[in-house]
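Trainee: The structure follows.
The values are calculated or read from the model by the stated rules, or taken from the named source; none is laboratory data. Because the structure is predicted, anything quoted here is derived from the model rather than measured. Virtual Cβ from ideal backbone geometry, glycine too; neighbours counted across all protein chains shown. These accessible areas exclude ligands, DNA and RNA; they are computed on the full protein's heavy atoms, side chains included. Shrake-Rupley method; radii C 1.70, N 1.55, O 1.52, S 1.80 Å.
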Amino acid sequence: MEDRQTRPLSTVKAGETVKLAGIKAGRGLNSRLASMGLVPDVEITVVRNRHPGPFVISVKDSKMILGRGIAHKIMVL
Amino acid sequence: MAEIMKKITVALAGNPNSGKTTIFNMLTGARQHVGNYPGVTVEKKEGLCKYAGFEMTVVDLPGTYSLTAYSIEELIARNFIIGEQPDVVVDIIDASNIERNLYLATQLIEMNVPLVLAFNMSDMAKQKGLLFDIEQLCELLEAMIVPTVGNKGKGRVKLLDAIVETAQRGKKERTHIIHYGKEIEEELEKVEKLLAREHELVEKYGSRWLAVKLLEQDSEVTAKVHRKEVLDAVTAGTEHLRTIFGDEPEIIMADRRYGFISGACQEAVKSTVESRHSRSDMIDAVVTNRILGLPIFLILMYLAFLLTFKIGEYPMGWLERFFDWAGTTIIAFWPAGSESWFKSLLVDGVIGGVGGVVVFLPNILLLFLAIAILEDSGYMARAAFIMDRIMHKIGLHGKSFIPMLIGFGCSIPAIMGTRILENRRNRFTTIMVIPLMSCGARLMIYALIIPAFFTEKWRGPMLWLIYLIGIVLAIICIKVLRLTVFRGETTPFVMELPPYRMPTLKSVCIHMWQRGWMFLKKAGTIILAISIILWVAMSYPKPSRQSLAGLSSEQARQTALAYSVIGRIGRTIEPALKPLGFDWKIGTALIGATAAKEVFVSQLGIVYAIGGADEKSHTLREKLQANYTPLTGFCIMLFCLISTPCVATVAMTKQETNSWGWALFQFFGLTTLAYVITLIVYQIGSFIAG
């Protein structure tokens with residue numbers, strides 16, 4: 001059994017790959033992120049997560065920068 | 001013989017960074033027209049392309065990831081496709097990032113438009129080791145697919161052939177549809193059945209698409225449906241799906257679309273090389289480095305600034321000399337010493353006005369050269385991020401930094417440069433405060449006043465203080481605007497980090513040309529019109545011959561200005577200016593300065609009857625020293641810094657916000673602010689000075 005404990009994406013270290021569990025944001029942002037490929041179970045690799053500096057992830061072959069606020073709202077496994 | 005061309009409309013859709021613009025340029029060359037979509041400030045680009053007996057109007061839709069109702073760009077793209085029924089929609093796909101890019105294609109497939117897919121940047125995909133089974137993909141997606149390399153112009157003919165073929169074939173029923181799974185399909189079916197009675201809507205949108213959008217709780221589509229039984233079914237359906245999946249239906253549906261895409265890709269896309277650290281990653285490691293990132297950004301910005309203004313100085317000088325020459329040539333047609341209103345209109349009004357417009361052109365072209373390079377190379381996305389932490393604190397997007405910096409050179413290119421900002425609130429807020437960035441023309445005023453009133457030791461700090469006041473005021477104004485007129489959440493920062501690419505000469509040139517032309521055509525005409533009006537106000541009415549008799553030419557000019565509309569306004573508003581420590585002479589010069597800030601200096605020269613005044617004029621400085629206190633001097637600078645943007649700025653704001661309302665809001669808002677602040681400073685200052 002895999003661990004069902006979810007945590008915010010912002011706590012994931014660079015280099016780790018995680019799975020998206022859900023996004024706790026408004027519908028607009030949720031839908032926008034979904035259209036950019038952030039759908040349930042998608043694999044997210046954190047490329048860079050360092051304070052201060054950009055929070056960069058890689059999803060489906062494309063790199064994205066996220067604000068820290070969003071990274072807190074994205075729950076991953 | 002000219003054959004009769006068949007006219008068709010082709011719409012280009014695609015993700016941001018998919019190279020849509022390069023395909024647009026490849027198809028239309030320089031025959032493009034840039035405007036706005038009606039009622040909004042989203043840019044609309046159109047171009048013409050003639051091929052194989054077809055005259056194609058190619059429309060570049062805004063770059064989007066999807067076609068929801070959540071953003072204005074997506075709505076525009078969607079409404080264009082539904083409303084204008086283009087004969088062909090070409091979806092530009094970044095072939096090196098195919099899954100994410102095909103998401104938009106699934107939406108177009110659902111709208112059942114005649115679709116062509118351009119697999120752009122196919123060279124990059126090849127480098128990445130991606131192999132496509134195009135035939136199989138064509139079958140699965142039921143659209144023609146053409147590999148292209150937009151920035152190298154490859155695939156043009158094949159793409160045009162595919163467009164023509166698809167246009168001739170027209171709409172057809174699809175056999176494959178995206179299957180959303182049993183539960184969602186059941187709900188879709190229910191809604192579709194009930195929709196059958198909404199004839200008009202179904203006719204226009206298709207029942208499947210309507211049902212999908214209704215279950216996605218799309219606000220725009222929902223508002224169009226009026227039958228209660230449909231809306232009830234939708235509410236029940238979404239409620240039901242929410243309980244089953246524990247998530248919004250639209251998210252599950254997005255997931256299913258991605259599922260459809262991965263299904264297609266699994267069969268038809270082979271990856272031969274394991275992806276490794278690319279060149280982009282290496283560049284990123286340096287330019288977004290914690291320590292190096294900011295300095296690199298600042299150096300690049302400094303270079304952009306130098307390019308815009310230092311290099312721009314040369315062509316500006318040539319243009320100025322050309323207009324001077326044109327003026328003297330025209331004067332030569334009249335006998336020396338004769339006065340003619342027509343001569344004055346031509347030389348001072350028209351040539352002065354046109355010259356005043358055209359001299360900005362080099363700045364605009366060079367700024368957009370710099371912006372095009374920054375954007376096309378992919379650096380702009382990084383720059384936005386680097387500045388975002390700082391700019392976010394004051395309530396703006398990271399990219400706002402660039403136009404604001406350009407504002408220190410000149411507000412005109414700066415306001416035009418806000419086009420790099422996608423969000424309307426960010427863009428308008430930035431436009432409103434740009435005049436507070438003290439521009440080059442205002443430096444001439446400071447250069448006249450500071451040495452007149454302050455000792456050597458204080459001159460540097462004084463100049464620095466003025467610039468600083470502008471910046472601090474801009475930050476305060478942004479805060480206030482964001483809390484009042486432009487209230488709303490700052491859009492959360494999500495942005496794709498496109499791979500670095502070499503900008504191509506062609507696309508950079510087209511970009512520059514478009515902006516330059518747009519400036520001349522749109523803003524130019526307004527600037528010209530207002531300049532002429534100001535010229536009239538400054539020259540008329542003329543005093544009688546007798547009253548000028550016996551005066552020196554300087555005195556005559558002084559009398560004429562005092563007699564003109566502007567001179568009269570200056571006198572009339574003197575009581576209002578008194579509390580600021582200004583007399584009618586300063587008032588007149590200030591009104592004249594709305595034509596262009598540097599005019600303040602020459603106007604002051606005229607009211608003091610000093611010939612050929614410029615910012616280095618000793619006599620004018622002596623006059624100022626004799627008539628005013630250093631406090632008044634400081635207040636003049638303060639007022640010029642904050643108040644009344646010049647007419648060119650007003651015209652530019654009108655053009656870029658698409659409304660006189662905002663332009664006048666800026667004009668009066670800043671002038672009021674200037675009045676209040678100067679009033680406070682002067683009153684407190686005189687109180688302390690006793």
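Trainee: If I ask for residues that are under 21 Å from the mean Cα position of the chain (by Cα) and either within 12 Å of chain A (Cβ to nearest Cβ) or surrounded by 23 or more Cβ atoms within 10 Å (Cβ to Cβ) (or both), which ones from region B:73-102 would you list?
Mentor: B:Glu73, B:Glu74, B:Ala77 - these are the residues of region B:73-102 that are under 21 Å from the mean Cα position of the chain (by Cα) and either within 12 Å of chain A (Cβ to nearest Cβ) or surrounded by 23 or more Cβ atoms within 10 Å (Cβ to Cβ) (or both).
Trainee: Of all the residues that make up region A:29-55, how many are facing another protein chain (nearest Cβ under 7 Å), open to solvent by 10 Å² or more (accessible area, probe 1.4 Å) and either of a type in the set (A, V, I, L, M) or farther than 25 Å from B:Glu74 by Cβ (or both)?
Mentor: 5
Trainee: Quick check on region B:184-224: of everything there that is polar (S, T, N, Q) and in contact with a helix residue (DSSP H, G or I) (Cβ under 8 Å, 6 or more places away or on another chain), which residue is nearest to B:Ile81 (Cα to Cα)?
Mentor: Here the answer is B:Ser207.
Trainee: Residues to consider are B:Glu110, B:Glu55; find the one that is open to solvent by 10 Å² or more (accessible area, probe 1.4 Å), within 14 Å of another protein chain (Cβ to nearest Cβ) and farther than 23 Å from B:Met495 by Cβ.
Mentor: Details: B:Glu55 fails: within 14 Å of another protein chain (Cβ to nearest Cβ).
Of the residues listed, the single one that is open to solvent by 10 Å² or more (accessible area, probe 1.4 Å), within 14 Å of another protein chain (Cβ to nearest Cβ) and farther than 23 Å from B:Met495 by Cβ is B:Glu110.
Trainee: Further question: Could you identify the single residue in B:Thr588, B:Thr559 that is among the polar types (S, T, N, Q), open to solvent by less than 50 Å² (accessible area, probe 1.4 Å) and more than 19 Å from B:Gly352 (Cβ to Cβ)?
Mentor: Result: B:Thr559 is the single residue among B:Thr588, B:Thr559 that is among the polar types (S, T, N, Q), open to solvent by less than 50 Å² (accessible area, probe 1.4 Å) and more than 19 Å from B:Gly352 (Cβ to Cβ).
Trainee: Scan region B:392-431 for residues that are surrounded by fewer than 24 Cβ atoms within 10 Å (Cβ to Cβ) and under 17 Å from B:Phe667 (Cβ atoms) and jot them down.
Mentor: Across region B:392-431, the qualifying residue is only B:Phe428.
Trainee: Sticking with this structure for a sec: Filter region B:530-561 down to the residues that are under 49 Å from the mean Cα position of the chain (by Cα) and without any contact (Cβ under 8 Å) to a residue 12 or more places away in the chain and list them by number.
Mentor: B:Ile533, B:Ser544, B:Ala556
Trainee: Right, something else. Looking only at region B:263-287, which residues are touching an Asp or Glu at 6+ places or on another chain (Cβ under 9 Å), at pLDDT 80 or above and open to solvent by 60 Å² or more (accessible area, probe 1.4 Å)?
Mentor: The answer is B:Glu267, B:Lys270.
Trainee: If you don't mind, another one. Taking the condition of being within 8 Å of chain B (Cβ to nearest Cβ), assigned to a helix (DSSP H, G or I) and either surrounded by fewer than 18 Cβ atoms within 10 Å (Cβ to Cβ) or at pLDDT 90 or above (or both), how many residues in region A:56-75 meet it?
Mentor: Going residue by residue through region A:56-75, those that are within 8 Å of chain B (Cβ to nearest Cβ) are A:56, A:59-67, A:69-70.
In the following step, the residues that additionally are assigned to a helix (DSSP H, G or I) were identified as A:69-70.
Now narrow it down to the ones that are either surrounded by fewer than 18 Cβ atoms within 10 Å (Cβ to Cβ) or at pLDDT 90 or above (or both): A:69.
Selection size over region A:56-75: 1.
Trainee: Can I ask one more? When you scan region B:288-321, how many residues do you find that are within 11 Å of chain A (Cβ to nearest Cβ) and open to solvent by less than 40 Å² (accessible area, probe 1.4 Å)?
Mentor: 2
Trainee: Answer yes or no: is there a residue in region B:236-257 that is in contact with a strand residue (DSSP E or B) (Cβ under 7 Å, 6 or more places away or on another chain) and open to solvent by less than 30 Å² (accessible area, probe 1.4 Å).
Mentor: We begin by selecting, within region B:236-257, every residue in contact with a strand residue (DSSP E or B) (Cβ under 7 Å, 6 or more places away or on another chain); these are B:247.
Now narrow it down to the ones that are open to solvent by less than 30 Å² (accessible area, probe 1.4 Å): none.
No, region B:236-257 contains no residue that is in contact with a strand residue (DSSP E or B) (Cβ under 7 Å, 6 or more places away or on another chain) and open to solvent by less than 30 Å² (accessible area, probe 1.4 Å).
Trainee: Moving on. List the helices (runs of 4 or more DSSP H) inside region B:196-246, counting only whole elements, that have at least 3 residues being within 14 Å of another protein chain (Cβ to nearest Cβ).
Mentor: B:207-215, B:219-224, B:228-245
Trainee: In region B:447-500, how many are part of a helix (DSSP H, G or I), touching a residue at least 24 places away in the same chain (Cβ under 8 Å) and either among the aromatic types (Phe, Trp, Tyr) or under 19 Å from B:Asp388 (Cα atoms) (or both)?
Mentor: Pass one, region B:447-500, residues part of a helix (DSSP H, G or I): B:447-453, B:456-483.
Subset that is touching a residue at least 24 places away in the same chain (Cβ under 8 Å): B:447-453, B:462, B:466-467, B:469-471, B:473-475, B:477-479, B:481-482.
Within this subset, residues satisfying the condition of being either among the aromatic types (Phe, Trp, Tyr) or under 19 Å from B:Asp388 (Cα atoms) (or both) are B:453, B:467, B:471, B:474-475, B:477-479, B:481-482.
Matching residues across region B:447-500 total 10.
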